[in-house]
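For reference, the structure is listed below as structure tokens.
Bear in mind that the values in this text are calculations on the coordinates, not laboratory data. Small disclaimer: the values here were computed from a predicted structure and weren't measured. In this analysis, Cβ positions are derived from the backbone assuming ideal geometry, glycine residues included, and neighbour counts consider all displayed protein chains.
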Amino acid sequence: MPTLIQLIVERGPDAVNALPKGIRKSEEAVAETIENNVRKLIINESPVDPAYYEKMSKLLDALIELRRKGAISYKEYLAKIAALTKETANPRGGQGGYPASLDTAANPIRRTTVPVTARNGQRRKPLFPWATLPAAGA
């Protein structure tokens, strides 16, 4: 069964319909359930990229504040929290967290997963795609 985060990423605001009936009855309960799940995702992923997830945490805090003050409608809140959830679950559009300027052939993750040109000029897959090359001087 997919998690609430996965449902939000896939379905957007319509993921609310997958919540239990008791929670769906209350907009406040729906909002807090989503916020708690997004917060948990931020906390769990924070060690990977602390600066990025700190930014996501501040955006979540701002959105919670807007909702609590009634500054945005429930429908607008759902759209914004869905967008934030997608951005949090798939940093930088799912590009693996590397900015385009660093995503080069020298990237150790990429080196082992991109096709390789054989001596005869034909492309082939790496023999051991899960292995990474040791760092220089290691």
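Go through segment 13-37 residue by residue and tally those that are over 15 Å from LEU63 (Cβ atoms), surrounded by fewer than 17 Cβ atoms within 10 Å (Cβ to Cβ) and out of contact with any Pro (no Cβ under 9 Å at 6 or more places or on another chain). Steps first, please.
We begin by selecting, within segment 13-37, every residue over 15 Å from LEU63 (Cβ atoms); these are 14-26, 29.
Next cut, surrounded by fewer than 17 Cβ atoms within 10 Å (Cβ to Cβ) only: 14, 17-26, 29.
After this cut, where a residue has to be out of contact with any Pro (no Cβ under 9 Å at 6 or more places or on another chain) as well, the list is 14, 17, 19-26, 29.
Residues that pass the stated criteria total 11.
Within segment 4-35, if we keep just the residues that are within 16 Å of GLU87 (Cα to Cα) and not hydrophobic (A, V, I, L, M, F, W, C), the residue that is farthest from the chain's Cα centre (by Cα) turns out to be PRO13.
Taking the conditions (1) in a loop (DSSP other than H, G, I, E, B); (2) in contact with a helix residue (DSSP H, G or I) (Cβ under 6 Å, 6 or more places away or on another chain); (3) not polar (S, T, N, Q) in turn, TYR77 satisfies each one other than (1).
Across segment 38-51, which residue is nearest to ASN90 (Cα to Cα) among those that are free of Cβ contacts under 8 Å to residues at least 40 places away in the same chain and surrounded by 14 or more Cβ atoms within 10 Å (Cβ to Cβ)?
Step one: filter segment 38-51 for residues free of Cβ contacts under 8 Å to residues at least 40 places away in the same chain, giving 39-40, 43-44, 46-47, 50-51.
With the extra rule that they be surrounded by 14 or more Cβ atoms within 10 Å (Cβ to Cβ), the set shrinks to 39, 46.
Working: ARG39: 15, SER46: 13 Å.
Out of the qualifying residues, it is SER46.
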